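Here's the structure we're looking at; comments come further down.
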Amino acid sequence: MFRWLHNESANAQQQLKLASSFTLFTIIALWIDSVFFTTHYFDARQVTNVLAIGYFALLFRVSGVELRKLMLVMVVLSYIGELIFCKLLDMYAYRTSAIPLYVPFGHAIVYASGYILAHTRWAIYHENGLRKFFALFFIVLFLSVGVFLNDWFSLVFGALFFVLLRRKRWSNLYYFIALCVIFIELVGTYFGCWAWAGKTFGLIPAANPPMGAVFFYAGGDVLLAKIVSAWKN
(Lines give C-alpha, C1' and ligand atoms only; values in the text may rest on other atoms or scores of the structure.)
Protein backbone atom coordinates (compact mmCIF):
# COMPACT_ATOMS: atom_id res chain seq x y z
CA MET A 1 0.00 0.00 0.00
CA PHE A 2 2.77 2.46 0.93
CA ARG A 3 4.37 2.03 -2.51
CA TRP A 4 1.14 3.14 -4.13
CA LEU A 5 0.80 6.12 -1.78
CA HIS A 6 4.36 7.15 -2.58
CA ASN A 7 3.46 7.31 -6.28
CA GLU A 8 0.73 9.88 -5.69
CA SER A 9 1.40 13.44 -6.92
CA ALA A 10 2.70 16.02 -4.46
CA ASN A 11 -0.70 17.70 -4.16
CA ALA A 12 -2.45 14.35 -3.76
CA GLN A 13 0.00 13.46 -1.00
CA GLN A 14 -0.95 16.62 0.88
CA GLN A 15 -4.61 15.68 0.53
CA LEU A 16 -3.87 12.18 1.71
CA LYS A 17 -1.96 13.38 4.77
CA LEU A 18 -4.92 15.51 5.83
CA ALA A 19 -7.45 12.76 5.10
CA SER A 20 -5.33 10.25 7.04
CA SER A 21 -5.12 12.68 9.97
CA PHE A 22 -8.91 12.88 10.07
CA THR A 23 -9.16 10.37 12.92
CA LEU A 24 -6.66 12.16 15.18
CA PHE A 25 -8.16 15.55 14.41
CA THR A 26 -11.67 14.26 15.18
CA ILE A 27 -10.63 12.91 18.58
CA ILE A 28 -8.89 16.13 19.59
CA ALA A 29 -11.57 18.51 18.29
CA LEU A 30 -14.51 16.63 19.79
CA TRP A 31 -12.71 16.03 23.10
CA ILE A 32 -12.37 19.80 23.42
CA ASP A 33 -16.16 20.10 23.00
CA SER A 34 -16.85 17.12 25.26
CA VAL A 35 -18.90 17.04 28.45
CA PHE A 36 -15.75 16.10 30.37
CA PHE A 37 -13.73 19.05 29.08
CA THR A 38 -16.59 21.48 29.68
CA THR A 39 -17.16 20.18 33.22
CA HIS A 40 -13.52 20.10 34.31
CA TYR A 41 -12.14 23.11 32.43
CA PHE A 42 -14.41 25.47 30.46
CA ASP A 43 -16.81 25.49 27.53
CA ALA A 44 -14.32 25.45 24.66
CA ARG A 45 -16.74 24.98 21.78
CA GLN A 46 -15.38 28.10 20.10
CA VAL A 47 -11.97 26.42 20.01
CA THR A 48 -13.47 23.41 18.24
CA ASN A 49 -15.23 25.77 15.84
CA VAL A 50 -11.93 27.42 14.94
CA LEU A 51 -10.17 24.06 14.56
CA ALA A 52 -12.89 22.70 12.27
CA ILE A 53 -12.94 25.78 10.05
CA GLY A 54 -9.13 25.76 9.92
CA TYR A 55 -8.98 22.08 8.98
CA PHE A 56 -11.67 22.66 6.36
CA ALA A 57 -9.60 25.52 4.93
CA LEU A 58 -6.49 23.32 4.71
CA LEU A 59 -8.39 20.58 2.90
CA PHE A 60 -9.99 23.13 0.63
CA ARG A 61 -6.63 24.67 -0.26
CA VAL A 62 -5.04 21.40 -1.42
CA SER A 63 -8.14 20.07 -3.19
CA GLY A 64 -9.01 20.26 -6.87
CA VAL A 65 -11.89 22.25 -8.34
CA GLU A 66 -14.32 19.31 -8.21
CA LEU A 67 -13.77 18.53 -4.54
CA ARG A 68 -13.81 22.21 -3.62
CA LYS A 69 -17.28 22.58 -5.10
CA LEU A 70 -18.45 19.45 -3.29
CA MET A 71 -17.09 20.75 0.03
CA LEU A 72 -18.70 24.17 -0.31
CA VAL A 73 -22.10 22.76 -1.20
CA MET A 74 -21.78 20.16 1.58
CA VAL A 75 -21.44 22.91 4.21
CA VAL A 76 -24.73 24.49 3.16
CA LEU A 77 -26.52 21.20 2.51
CA SER A 78 -25.47 19.67 5.83
CA TYR A 79 -26.68 22.69 7.79
CA ILE A 80 -30.09 22.33 6.17
CA GLY A 81 -29.96 18.64 7.06
CA GLU A 82 -29.18 19.52 10.66
CA LEU A 83 -32.24 21.75 10.85
CA ILE A 84 -34.41 18.92 9.51
CA PHE A 85 -33.03 15.88 11.34
CA CYS A 86 -32.00 17.53 14.60
CA LYS A 87 -34.45 20.37 15.13
CA LEU A 88 -37.52 19.25 13.19
CA LEU A 89 -37.44 15.45 13.57
CA ASP A 90 -35.56 15.28 16.91
CA MET A 91 -33.48 12.30 15.78
CA TYR A 92 -30.55 13.49 17.91
CA ALA A 93 -29.56 16.43 20.08
CA TYR A 94 -26.32 18.29 20.76
CA ARG A 95 -24.76 19.03 24.11
CA THR A 96 -26.41 22.45 24.01
CA SER A 97 -29.59 23.55 22.29
CA ALA A 98 -27.74 25.28 19.46
CA ILE A 99 -26.28 23.47 16.45
CA PRO A 100 -22.49 23.94 16.80
CA LEU A 101 -20.81 25.97 14.07
CA TYR A 102 -18.25 23.22 13.55
CA VAL A 103 -20.87 20.67 12.53
CA PRO A 104 -21.51 21.68 8.88
CA PHE A 105 -17.76 22.12 8.35
CA GLY A 106 -17.24 18.75 10.03
CA HIS A 107 -19.64 17.13 7.57
CA ALA A 108 -17.60 18.56 4.70
CA ILE A 109 -14.38 17.26 6.30
CA VAL A 110 -15.91 13.79 6.67
CA TYR A 111 -17.00 13.80 3.04
CA ALA A 112 -13.68 15.13 1.72
CA SER A 113 -11.67 12.59 3.75
CA GLY A 114 -13.70 9.68 2.41
CA TYR A 115 -13.54 11.11 -1.10
CA ILE A 116 -9.76 11.46 -1.01
CA LEU A 117 -9.20 7.97 0.40
CA ALA A 118 -11.53 6.45 -2.20
CA HIS A 119 -9.58 8.09 -5.03
CA THR A 120 -6.08 6.97 -4.03
CA ARG A 121 -4.26 4.71 -6.47
CA TRP A 122 -4.22 1.99 -3.84
CA ALA A 123 -8.02 2.09 -3.43
CA ILE A 124 -8.58 2.13 -7.19
CA TYR A 125 -6.15 -0.76 -7.76
CA HIS A 126 -7.89 -2.89 -5.09
CA GLU A 127 -11.38 -1.73 -6.04
CA ASN A 128 -12.97 -5.15 -6.50
CA GLY A 129 -11.46 -6.68 -3.38
CA LEU A 130 -12.41 -3.67 -1.27
CA ARG A 131 -15.96 -3.75 -2.60
CA LYS A 132 -16.41 -7.34 -1.42
CA PHE A 133 -14.78 -6.66 1.94
CA PHE A 134 -16.87 -3.55 2.58
CA ALA A 135 -20.11 -5.28 1.63
CA LEU A 136 -19.45 -8.11 4.07
CA PHE A 137 -18.26 -5.74 6.80
CA PHE A 138 -21.36 -3.54 6.68
CA ILE A 139 -23.76 -6.49 6.45
CA VAL A 140 -22.23 -7.98 9.59
CA LEU A 141 -22.18 -4.57 11.27
CA PHE A 142 -25.85 -3.77 10.66
CA LEU A 143 -26.99 -7.25 11.65
CA SER A 144 -24.83 -7.26 14.79
CA VAL A 145 -26.11 -3.98 16.20
CA GLY A 146 -29.64 -4.96 15.23
CA VAL A 147 -29.49 -8.28 17.07
CA PHE A 148 -27.32 -7.40 20.08
CA LEU A 149 -28.28 -3.74 20.61
CA ASN A 150 -31.88 -3.92 19.42
CA ASP A 151 -30.97 -1.24 16.89
CA TRP A 152 -33.83 -1.54 14.42
CA PHE A 153 -32.90 1.87 13.05
CA SER A 154 -29.69 0.40 11.65
CA LEU A 155 -31.46 -2.64 10.24
CA VAL A 156 -33.98 -0.49 8.38
CA PHE A 157 -31.69 2.25 7.16
CA GLY A 158 -28.77 -0.13 6.67
CA ALA A 159 -30.94 -2.02 4.17
CA LEU A 160 -31.76 1.27 2.44
CA PHE A 161 -28.03 2.04 2.38
CA PHE A 162 -27.47 -1.07 0.27
CA VAL A 163 -30.42 -0.20 -1.97
CA LEU A 164 -28.77 3.15 -2.61
CA LEU A 165 -25.40 1.52 -3.22
CA ARG A 166 -26.95 -0.78 -5.80
CA ARG A 167 -28.28 2.23 -7.68
CA LYS A 168 -24.78 3.74 -7.53
CA ARG A 169 -23.18 0.53 -8.90
CA TRP A 170 -21.61 -0.32 -5.53
CA SER A 171 -19.18 2.58 -5.64
CA ASN A 172 -16.52 2.28 -2.94
CA LEU A 173 -16.75 6.04 -2.42
CA TYR A 174 -19.85 5.54 -0.27
CA TYR A 175 -18.13 2.86 1.78
CA PHE A 176 -15.14 5.07 2.54
CA ILE A 177 -17.39 7.96 3.52
CA ALA A 178 -19.46 5.58 5.67
CA LEU A 179 -16.34 4.49 7.58
CA CYS A 180 -15.51 8.13 8.33
CA VAL A 181 -19.12 8.69 9.41
CA ILE A 182 -19.08 5.73 11.79
CA PHE A 183 -15.82 6.90 13.35
CA ILE A 184 -16.99 10.45 13.99
CA GLU A 185 -20.36 9.22 15.31
CA LEU A 186 -18.67 6.88 17.79
CA VAL A 187 -16.26 9.57 18.99
CA GLY A 188 -18.91 12.29 19.20
CA THR A 189 -21.39 10.23 21.19
CA TYR A 190 -18.65 8.85 23.45
CA PHE A 191 -17.59 12.38 24.40
CA GLY A 192 -21.21 13.47 24.81
CA CYS A 193 -21.02 16.10 22.06
CA TRP A 194 -24.36 14.78 20.84
CA ALA A 195 -26.72 11.89 21.55
CA TRP A 196 -29.24 10.01 19.42
CA ALA A 197 -32.82 9.51 20.55
CA GLY A 198 -33.62 6.06 21.92
CA LYS A 199 -36.50 5.81 19.46
CA THR A 200 -36.50 7.55 16.10
CA PHE A 201 -39.84 9.19 15.29
CA GLY A 202 -40.88 7.81 18.68
CA LEU A 203 -41.19 4.40 17.07
CA ILE A 204 -37.96 2.81 15.75
CA PRO A 205 -35.49 1.67 18.47
CA ALA A 206 -32.01 3.06 17.87
CA ALA A 207 -28.60 2.70 19.45
CA ASN A 208 -26.47 5.68 20.38
CA PRO A 209 -25.15 6.08 17.75
CA PRO A 210 -27.06 3.97 15.19
CA MET A 211 -24.80 2.59 12.47
CA GLY A 212 -27.61 3.02 9.96
CA ALA A 213 -27.00 6.76 10.07
CA VAL A 214 -24.61 6.21 7.15
CA PHE A 215 -27.67 6.03 4.89
CA PHE A 216 -28.41 9.72 5.41
CA TYR A 217 -24.86 10.68 4.50
CA ALA A 218 -25.02 8.53 1.37
CA GLY A 219 -28.41 9.97 0.45
CA GLY A 220 -27.07 13.47 1.03
CA ASP A 221 -24.16 12.69 -1.28
CA VAL A 222 -26.54 11.80 -4.10
CA LEU A 223 -28.24 15.18 -3.70
CA LEU A 224 -24.85 16.84 -3.35
CA ALA A 225 -23.62 15.37 -6.65
CA LYS A 226 -26.76 16.58 -8.45
CA ILE A 227 -26.35 20.12 -7.10
CA VAL A 228 -22.69 20.28 -8.14
CA SER A 229 -23.58 18.86 -11.55
CA ALA A 230 -26.18 21.60 -11.99
CA TRP A 231 -23.53 24.12 -10.85
CA LYS A 232 -21.20 22.95 -13.63
CA ASN A 233 -23.89 23.29 -16.25
**OP:** Just give me a number: lysine pairs in the chain, eight or more positions apart or cross-chain, with C-alpha atoms less than 28 Å apart.
**Re:** 13
Original post:
How much accessible area per residue does the stretch 157-203 have, in Å², with a 1.4 Å probe?
Top reply: 50
**OP:** Working with all protein chains in place, sort Lys17, Lys87 by solvent-accessible area computed with a 1.4 Å probe, largest first.
**Re:** Lys17, Lys87
Original post:
For the stretch 45-176, what percent of Cα pairs sit more than 28 Å apart?
Top reply: 29
Subject >> Cleavage-rule hits, trypsin sites (Lys or Arg not before Pro), the stretch 111-185, DSSP coil, Cβ neighbours within 10 Å at most 15 >> reply: Lys168, Arg169
Original post:
Protein chains only, probe 1.4 Å: how do Glu66, Glu185 rank by accessible area, largest first?
Top reply: Glu66, Glu185
**OP:** Would you mind telling me the share, in percent, of accessible area of the stretch 17-142 contributed by carbon and sulfur at probe 1.4 angstrom?
**Re:** 72
Original post:
Can you pull the accessible area of Met211 for me, 1.4 Å probe, Å² to the nearest 10?
Top reply: 20
**OP:** Compute the semi-axes of the equivalent ellipsoid of the stretch 96-233, taking the square root of 5 times each eigenvalue of the Cα gyration tensor, and list them largest first in whole Å.
**Re:** 24, 20, 14
Original post:
Suppose every K and R has +1 on its Cβ and every D and E has -1 on its Cβ; what is the size of the dipole of the stretch 95-233 about the Cα centre, in Debye to the nearest 20?
Top reply: 420
Original post:
If you average over every viewing direction, what projected area does the convex hull of the Cα atoms of the chain give, in nm²?
Top reply: 13.1
Original post:
Based on the Cα atoms of the stretch 77-130, what semi-axes does the equivalent ellipsoid have, where each is the square root of 5 times one gyration tensor eigenvalue, given in whole Å with the largest first?
Top reply: 32, 12, 8
Original post:
Using the beta-carbon distance between Ile84 and Arg166 and R0 = 35 Å, what value does 1/(1 + (r/R0)^6) give for FRET efficiency, to the nearest 0.05?
Top reply: 0.90
Subject >> Positive-end residue of Val76, Phe191, Ile99, charge dipole of the chain with Cβ unit charges >> reply: Val76
Original post:
Taking the Cα centre of the stretch 94-233 as the origin and placing charges on Cβ (Lys, Arg +1; Asp, Glu -1), which of Leu149, Ile139, Asn172 is farthest toward the positive end of the dipole?
Top reply: Asn172
Subject >> Stokes-Einstein translational diffusion, the stretch 48-96 - Kirkwood Rh over all Cα pairs, 1.567 mPa s, 4 °C, in µm²/s >> reply: 105
**OP:** Using 0.36 nm per residue of separation minus the Cα-Cα distance, give me the extension gain between Ala44 and Ser97 in nm, one decimal.
**Re:** 17.5 nm
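The values are calculated or read from the model by the stated rules, or taken from the named source; none is laboratory data. Just so you know, these numbers come straight off a predicted model, no measurement behind them. Ideal geometry is used to build each Cβ from the backbone, glycine not excepted, and the neighbour counts take in all protein chains shown. When the accessible area is computed, the model is the full protein with side chains, heavy atoms only, and any ligands, DNA or RNA have been set aside. Shrake-Rupley method; radii C 1.70, N 1.55, O 1.52, S 1.80 Å.
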